[in-house]
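The values are calculated or read from the model by the stated rules, or taken from the named source; none is laboratory data. Quick caveat, the model's predicted, so the values are computed rather than measured. FYI the Cβ positions are ideal-geometry reconstructions off the backbone, even for glycines, and counts take in every protein chain you see. Only protein heavy atoms, including side chains, enter the accessible area calculation; ligands, DNA and RNA are left aside. Shrake-Rupley method; radii C 1.70, N 1.55, O 1.52, S 1.80 Å.
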Amino acid sequence: MSHNDEKKDRRRQKSVMGSYNYYKMFGCFNRKFKISDLGPPRDVIDIFNLYTKGESEMSPDNFLRFLVEFQREEGTTIDDVERIMERVLNMSRSHLTRYVFTVNDFFHYLMMDDVNEPIKTQVHHDMTAPLQHYFIYTGHNSYLTGNQLSSDSSEVPIIKALERGVRAIELDIWPNNAKDNIHVLHGRTLTTPVTLHKCLKSIKEHAFVKSPYPVIITLEDHLTPSLQAKVAEMVTSTFGDMLYYPKESDKDAFPSPDALKHQIILSTKPPKEYLQSKNAGKERSLVDKDSSSDELEDRRVSSLNIYSFHCIKSNSDPDDDDDDDDVEDEKSGHKKDLEYKHLIAIHASKPKNGTRKALRDEYRKAKRLSLSEQALQRAANLYAVDIVRFTQKYILRVFPKGTRVTSTNFRPLTAWMHGAQMVAFNMQGYGRSLWMMHGMFRSNGACGYVRKPDFLMNTGPKGEVFDPKAPLPVKKTLKVKVYMGDGWRLDFSQTHFDAFSPPDFYTKVSVAGVAADVAKKETKVIGDDWTPVWNEEFTFQLRVPELALLKIVVQEYDVDKDDFAGQTCLPVSELRPGIRVVPLHNKKGEKFKSVKLLMRFLFV
């Protein structure tokens, strides 16, 4: 660090650690505000005294007892404790003489978000069940940089999504103007294209940076047979051994995420769909009484599909409804299409008799059904149990309605509570729904696959399944205490929230989940303080804690409109009990460098 940088750093520390903040009023005089000393909350001091029996220092044995008894970190060893203490003490002292904590050392440990994080950070779910047993982190129109009508198509949002842990990437593929190459873009809009080759190359390079579990590429295919053959060549040459080829056994059950590690799975409609599309005007699907004209429109606009997991096999199997594809392909002179078809691990076909019929039909192959958010909501209102029963065997994908042109998203809880594995989201968007998606997939070490709760996969003695509408008893009670917050004065300018005084922070704590679990609480406003101390506790009674999300938002109170000051969303099933530090994120879901809350979680 240069001499000037050192002087700047000393001035910055002095301004932060000084006794007062000064704000200009009317440009002519200063207002002085005392800076609160950042010290341990009363509860932290009491717990320190409890485990040290009133002594001024905490030994490794005492710290181990605290971690096991209070924090419920079973399996922690004395070696683990000494490593943690050494790290904390080396940050606060120039020489380490022995492993003992003062109360301030203990408090410093509690505020370290990389060792005292609020949720588990390792993959800990069973990853050997078939794919339909998991919620899968799924993107929608993954190539768009902004809105759905006029933004640029690019490989950059694909890379960002994969680095976040997204496991399902959607690409819309169209012929270029010369009809000799493939572009990725949102068709029939003003979005600019990006080449398919660039997208595939980016997926190969970043697919397994965040997670080793499989990446599913869904191709919305608008190509001629000759271009489909070109896709086959591009895919095989780009991915090589990473590309998953379906096996004979796949016709009966999906493989597991564990079995598909470091594999790329291709999903699109079979080539026959293109040949039939020329006669689409002559065909109309029958719709059952539960379907409305809106559903027909959803299917027309959004290509509502049933996906079947296709296996490579000979034409001798009379039960394979794609048997005649090979004959049609040969007759039409497109033998190369066979290569394209056999690269598709997840095939798409259309429902013939409406949503309910599609949900109730028994198929001999594993498959995937895709519904718009409106179609899912209608189905949930009319025949919720059919959806749950369907998702026990097959995969359901739910995508945003076409009118979400600004890349907003819908609330994902309805889809999850009915067992839908793939809730497709516009990852480049903003908003609370996206925060919930981020929160759900912080589960299981943020690997992109979350094992569904057992109750969504279980069947009773009479074939009954979970009914999302049925009344349920309280299963758990969660107590959440908000102690204090810190870090805003390091990540924001002094006048970011208010030009004339320090901010007035308050925290909103709420639960999203099944309707009976939804609840909202908030702390009082702490005025004129960069390090607010609330010390408030809230209680939430939960009937389905397995699907509950704890939403935390800090706001800065303002007479006109409150200012956003940070947010996070945490899966209740992953919460670590005890006193934890909770890092906050910006509106895009990016973690702030310093902003955090100190909280306590207790399950009763």
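Which whole-angstrom value gives the distance between the alpha carbon centres of region 455-504 and region 384-451?
Region 455-504 and region 384-451 have Cα centres spaced 17 Å from each other.
What is the packing order of peptides 381-394, 466-479, 54-67, taking the mean over residues of other C-beta atoms within 10 Å and listing the highest first? List each step's numbers first, then the result.
Values: 381-394: 19.5, 466-479: 13.9, 54-67: 17.3.
Those peptides, ordered most packed to least, come out 381-394, 54-67, 466-479.
Pairs of alpha-carbon atoms within less than 8 angstrom and 6+ residues apart define the contacts here; what relative contact order does region 544-604 have, in percent? Mind dumping the intermediate values first?
Numbers: 97 pairs, mean separation 17.0, N = 61.
Relative contact order comes out at 28 percent.
Take the alpha carbon atoms of region 528-575, find their center, do the same for region 49-120, and report the distance between the two centers in whole angstrom.
Using only Cα atoms, the two centres lie 26 Å from each other.
List every residue whose amide H lies under 5 Å from the amide H of Asn141, counting only residues 5 or more places away in sequence or on a different chain, with H placed 1.01 Å from N in the peptide plane.
Result for Asn141 returns Glu170.
For Gln421, what charge total do you get from the other residues with a beta carbon under 9 Å from its beta carbon, if Lys and Arg give +1 and Asp and Glu give -1? Please list the in-between numbers first.
Details: positive: Arg368, Arg397, Lys452; negative: none.
In short, +3.
Over all directions, average the projected area of the Cα convex hull of region 61-154 and note it in nm².
Values: hull surface 45.9 nm².
Here the figure is 11.5 nm², rounded to one decimal.
What Kirkwood hydrodynamic radius, in Å, does region 494-604 give when the mean of 1/r is taken over all pairs of distinct Cα atoms and then inverted?
15.0
Tally Lys/Arg at +1 and Asp/Glu at -1 over every other residue whose Cβ is under 11 Å from the Cβ of Pro40; what's the total? Walk me through the intermediate numbers first.
Details: positive: Arg42; negative: Asp37, Asp43, Asp46, Asp105.
Cβ neighbours under 11 Å give a net charge of -3.
Per residue, what accessible area does region 471-523 have, given a 1.4 Å probe and all protein chains present, in Å²?
Details: 2220 Å² over 53 residues.
The answer is 42 Å² per residue.
Filter the trypsin sites (Lys or Arg not before Pro) in region 511-604 down to the DSSP loop ones having no more than 13 other Cβ atoms within 10 Å, then list what survives.
On the way: sites: Lys520, Lys521, Lys524, Arg543, Lys551, Lys561, Arg580, Lys587, Lys588, Lys591, Lys593, Lys596, Arg600; in loops: Lys524, Arg543, Lys561, Lys587, Lys588.
For trypsin sites (Lys or Arg not before Pro) across region 511-604 that sit outside H, G, I, E and B with at most 13 neighbouring Cβ atoms in 10 Å, the list reads Lys524, Lys561, Lys587, Lys588.
Past the 27 Å Cα-Cα mark, which pairs from Lys120/Lys479; Lys32/Lys508; Lys160/Lys587; Lys261/Lys341; Lys357/Lys551?
Too far apart for the 27 Å limit: Lys32/Lys508; Lys357/Lys551.
Could you please state how large a percent of the accessible area of region 380-451 is carbon and sulfur, counting protein chains only and using a 1.4 Å probe?
Details: 1010 of 1880 Å².
The value for region 380-451 is 54 percent carbon and sulfur by accessible area.
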